[in-house]
Amino acid sequence: MNVHLIRSSELSLETYTNVWNLLNKFQGPINFNESEDFEWDNFLYEQDWISEEQFKEVQKVDFRQEKDINSYSLYEESPSERNYSEKTFPFKEPQLTWEDLFLICEKYRRKYTVPENDLVFLLTDVSNDKNWFGSVDQKMRNVFIQTSNWSSFFGSEIDSRFPIAYEVVVWTLRIMMYRNRYELSQQLHAQPKGCMMDFCEHKSQIVLKMRTADICGDCLDYIQKRDVNRTALNQILETMDGIRSNILFRERSSVLNRPSRLEIRGYMKRIFLVDLGDLEVRLNPKEKTLFLFFLNHLEGVRIVDLMDHKAEILELYKRFSRASTPSLIEDAVDLMLQPTDGNINQVLTRIRSKFKQTAGDSIAGYYTIEGARNEVYKISLNRELVKVIEN
Ligand SMILES: [Zn+2]
């Protein structure tokens with residue numbers, strides 16, 4: 001089964017890529033495909049946009065049989081809570097209707113001739129008219145997932161890639177379990193019980209689901225009845241477990257004073273935080289050079305003494321730099337190491353901010369290069385947590 005993940009332009013490429021990387025850590029029959037470069041924002045307002053009639057035809061909606069999910073009673077039940085949530089999250093961004101969002105998926109299908117049975121998931125920061133976090137279209141092939149406003153819930157301590165990836169697998173499983181939206185609306189649990197088939201009206205309920213990463217007995221019976229592919233189910237459950245353990249690791253690591261293991265992989269020495277969902281910390285050539293240099297010097301080095309290590313630093317930088325000539329490479333290193341120019345402080349600051357973005361504020365300090373003026377700078381991380389994998 002192929003799931004095509006399309007990104008809206010508001011959603012950062014980094015978050016998108018990290019969601020994709022996280023999902024691809026768990027192998028199985030479900031393939032999560034990175035989308036082609038697709039400027040859907042432009043398409044939406046294009047003249048040749050398919051009409052509503054064509055769309056309904058595409059969807060093959062049989063309104064006599066399927067009660068539309070729009071009249072899903074759960075949505076109507078708690079108006080007071082809804083008002084509250086709207087106050088909590090003032091959705092200032094433009095809003096699209098569900099139909100618009102599914103049309104975007106449909107447009108993508110047509111443009112790239114996506115096979116009919118493949119799934120297309122639109123990951124978008126744009127909110128929708130019903131204020132849902134995600135939904136599926138009538139033919140159970142196109143899905144949108146709202147990717148914004150997660151930070152209101154998790155603060156800076158968690159990355160939105162976890163709930164987004166979680167929603168992707170949950171909707172994939174729902175599509176495998178239920179034949180249509182009506183059946184879906186009947187089967188989702190109105191009262192959250194920590195099952196992935198809970199209907200979540202609030203993001204806090206999704207957090208509860210992610211922490212339990214469970215599927216209840218009723219739903220397991222249903223899965224059996226529907227004869228869902230077991231290896232696909234296994235892949236989904238492993239992904240859920242992976243997301244859960246990441247979230248728990250993050251929450252506990254600052255209390256337990258235990259940062260994630262760090263792996264340096266391959267010739268390009270890519271940097272991964274193993275216990276945080278194998279997230280990659282993407283450093284540019286200068287940042288990576290300094291980071292690896294200080295990782296090698298447990299005892300630390302004073303900034304003014306860096307010039308004494310120029311050969312070692314140059315050797316690292318040569319590997320990562322795209323500069324064309326040896327003299328350009330050397331110039332760049334000289335510029336970075338000149339104690340008076342201040343370029344090195346900018347690099348150190350950028351390294352800090354990248355680790356904060358990836359690992360969260362509370363544990364980023366283990367990985368960054370810190371020190372006091374005129375004293376040694378060093379990385380405090382316990383080197384037993386560091387593994388270098390050459391290949
Ligand atoms: Zn359940």
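Available extension along the chain between C216 and Q187 is 9.2 nm, counting 0.36 nm per residue and deducting the alpha carbon span. Model label points for Q27 and N382, set 7 angstrom from Cα along the Cα-to-Cβ axis, are 3.1 nm apart. Listed cross-link partners K25/K203; K288/K387; K286/K354 are compared with a 22 Å cut-off, the Cα-Cα value being larger for K25/K203. The ranking of W150, W98 from fewest to most other beta carbons within 10 Å of each one's beta carbon is W98, W150. Computed from backbone phi, the HN-Hα couplings of segment 187-197 come to 8, 4, 7, 5, 9, x, 10, x, 9, 5, 9 Hz, rounded to whole numbers (Karplus: 6.51 cos²θ - 1.76 cosθ + 1.60, θ = phi - 60°; Gly and Pro given as x).
Taking other Cβ within 10 Å of each residue's Cβ, how do E34, E106 sort, fewest first?
Values: E34 14, E106 23.
Ordered by Cβ neighbours within 10 Å, fewest first: E34, E106.
Across segment 279-292, computed HN-Hα scalar couplings (Karplus, 6.51 cos²θ - 1.76 cosθ + 1.60, θ = phi - 60°) run 5, 8, 9, 8, 9, 7, x, 5, 4, 5, 4, 5, 4, 5 Hz from first to last residue, x flagging Gly and Pro.
Once the chain from A372 to R230 is taken as fully extended at 0.36 nm per residue, the excess over their C-alpha distance is 45.5 nm.
Compute the length gained on full extension between M307 and T325: take 0.36 nm times their separation in residues and subtract their Cα-Cα distance, giving the result in nm to one decimal. Each step should come with its number before you reach the end.
Values: separation 18, 0.36 × 18 = 6.48 nm, distance 2.07 nm.
Full-extension gain reported as 4.4 nm.
Scalar couplings 3J(HN,Hα) for segment 365-377, obtained by applying the Karplus form with A = 6.51, B = -1.76, C = 1.60 to θ = phi - 60°, are x, 5, 9, 8, 8, 10, x, 9, 3, 6, 10, 5, 9 Hz; x denotes Gly and Pro.
Database remark: amide H of L122 closer than 5 angstrom to the amide H of I6, V143, F144, I145 (H placed geometrically; neighbours at sequence offset of 5 or more, or on other chains; Pro and chain starts carry no H).
Every number in this text was worked out from the coordinates using simple rules, so none of it is lab data. Source: prediction; values computed, not measured. All Cβ positions, glycine included, derive from the backbone under ideal geometry; neighbour counts span all protein chains shown.
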